[in-house]
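What follows draws every value from the coordinates through simple rules; no lab data is involved. Everything quoted here is computed from the prediction, not taken from an experiment. A quick note on method: Cβ atoms are made from the backbone with ideal geometry, for glycine too, and the neighbour counts reach across all protein chains shown.
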Amino acid sequence: MKNYLDFEKEVKALEQEVDGLKSPFGSEGISEVDTQKIKNTQNEINEKLKETYANLNSWQRTQVARHEDRPKANFYIKKIFSQFTLLSGDRYFGDDKSVIAGFGLIDNKSVLVIGQEKGEDLNSRIERNFGMMRPEGYRKCIRLMKLANRFQIPVVSFIDTPGAYPGLGAEQRGQASAIANSIECSMSLTVPNISIIIGEGGSGGAIALASSNKVIMLENSIYSVISPEGCASILWRDPSKSLQAAEAMKLTAKDLLKLGVIDEIISEPLGGAHRDPESIAADIKHAIMKNLKSFENLSKEEIYDHRKAKFLQIGRDQGFSKSTNLEGGGLSYNESNMQKLVSHISKNKLIYGGIGLLVITSLIALLF
């Protein structure tokens, strides 16, 4: 049974009409199927989907990112990777079912695969804790990322979570510390790591695994520090203002690409990834292979510096580059000529102010 969103009511009515036309059993018994009418109605559905999805606002894209039928990490892992070997446990507390992790092959190349899994039905969602990871989940990922780094195996992560689990037990076992350590581990890898946000990229629960050389988003996924409902509750004390919050937060793929927070967008099939999972899986595989290939000729230090410079550049025009002036290497900030001029004037504003006053006084003396 298909699930429809609020803004898909017209599409739902048309698809129900097509289902009725495809059935040879009508009110008058067995009748001939009108293939031409089915074709025309299907074309109408495609046009309606194209029109609807071309004009989605930020809140509607959030709804699509959370769609029940949207392919989950487990689906992509099965479709993209072969000989996948599941590994469990953090060697401290237990195994967290909300994250799938293990080694697999993609076109005969070994990779570590990490996937935040929400679950397909009610029972699996409860077992997977709706994709909300606990400290043991992050520690499992840290253990495996260090293992992959030791053997120079790239890391591929599928991000899909509302956020880290905020329960009492998770806090008692060091949730904040586990997230911070996961970010540190991801940032310090000397192998390329690629993150694909396939649904929700929520809060620290997402950034813990998305601190990567390449952050890729599906067209209708979201990535933000908090959910729109949570933001609306804090700012306006009104969760119903989720649309305003979603628009202000710039959480869609297009907005984040403009801001430089992510590196690439993968277009989704007409009507969202859930309408053609096979196609989107093939596109994700192609993107992974393309990005892994771009790091093949880079050294460990270059891969590490690439990731560091990428995150330091967010919010800056030119970012950082390798410096020869700093002891022991490191990164220095690159400024544009205009930024250098503004910075110079700002630092010496008293001098330039005095010169300006002197010039004005001289001009007045000459005139009068």
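Treating each Cα of the range 87-208 as an identical point scatterer and summing with the Debye formula, the log10 of I(q)/I(0) at q = 0.20 Å⁻¹ comes to -1.10.
Taking other C-beta atoms within 10 angstrom as a stand-in for reagent exposure, S110, S203 fall in the order S110, S203, fewest first. With contributions of -39500 (n - 2.57) from each DSSP H run of at least four residues, the per-residue ellipticity at 222 nm computed over the chain stands at -15000 deg cm²/dmol.
Are there any trypsin sites (Lys or Arg not before Pro) in the range 87-159 that are in a DSSP loop and have at most 16 other Cβ atoms within 10 Å? List them by number. Walk me through the numbers on the way to the answer.
Working: sites: R91, K97, K109, K118, R125, R128, R139, K140, R143, K146, R150; in loops: R91, K97, K118, R128.
In loop regions of the range 87-159 (DSSP not H, G, I, E or B), the sparsely surrounded trypsin sites (Lys or Arg not before Pro) are R91.
Within a straight-line Cα-Cα reach of under 19 Å, K140 can be paired with the following lysines, leaving aside sequence neighbours fewer than 8 residues apart in one chain: K97, K118.
Bridges between two residues of the chain, per DSSP, are antiparallel at a rate of about 45%.
Can you tally the net charge around I303? Count Lys and Arg as +1, Asp and Glu as -1, for every other residue whose Cβ sits under 12 Å from the Cβ of I303.
Summing Lys/Arg as +1 and Asp/Glu as -1 gives +1.
Assuming a ≥ b ≥ c are the square roots of the Cα gyration tensor eigenvalues, decide whether the range 1-155 counts as rounded (a/c under 1.5), prolate (otherwise, with a/b larger than b/c) or oblate.
Working: a/c = 2.66, a/b = 2.43, b/c = 1.09.
The shape class here is prolate.
Counting only lysines at least 8 places from K214 when in the same chain, those with an alpha carbon closer than 17 Å to its own are K254, K258, K285, K290, K293, K300, K308, K310. Using C-alpha pairs below 8 Å separated by at least 6 residues, the relative contact order for the chain is 12 percent.
For the range 113-269, the relative contact order comes to 19 percent (Cα pairs under 8 Å, sequence separation of at least 6). In the chain, the alpha-carbon atoms span a convex hull of 250 Å³ per residue. Of D255, D6, the sequence from fewest to most neighbouring Cβ atoms within 10 angstrom is D6, D255. Counting beta carbons within 10 Å around each of E219, E17 and listing the fewest first gives the order E17, E219. Would you mind counting up the charge near S227? Only other residues with Cβ under 12 Å from its Cβ, with Lys and Arg at +1 and Asp and Glu at -1. Summing Lys/Arg as +1 and Asp/Glu as -1 gives -1. Here the range 206-271 is described by how far its Cα atoms reach on the three principal axes: 36, 31, 18 Å, from widest to narrowest.
Please give the net charge around I288, taking every other residue with its beta carbon less than 14 angstrom from that of I288, where Lys and Arg add +1 and Asp and Glu add -1.
Surrounding charge for I288 is +1.
Would you be so kind as to identify all helices of the chain, as entire DSSP H runs, whose Cα atoms reach 18 Å or more along the helix's own axis and whose mean Kyte-Doolittle hydropathy is at least 0.0? Don't skip to the answer; put the middle values down first.
Numbers: long enough: 9-22 (20 Å, -0.84); 35-54 (28 Å, -1.62); 135-150 (23 Å, -0.83); 175-188 (20 Å, 0.36); 277-294 (26 Å, -0.22); 300-313 (20 Å, -1.56); 349-367 (27 Å, 2.05).
What comes out of the filter, once short or polar helices are dropped, is 175-188, 349-367.
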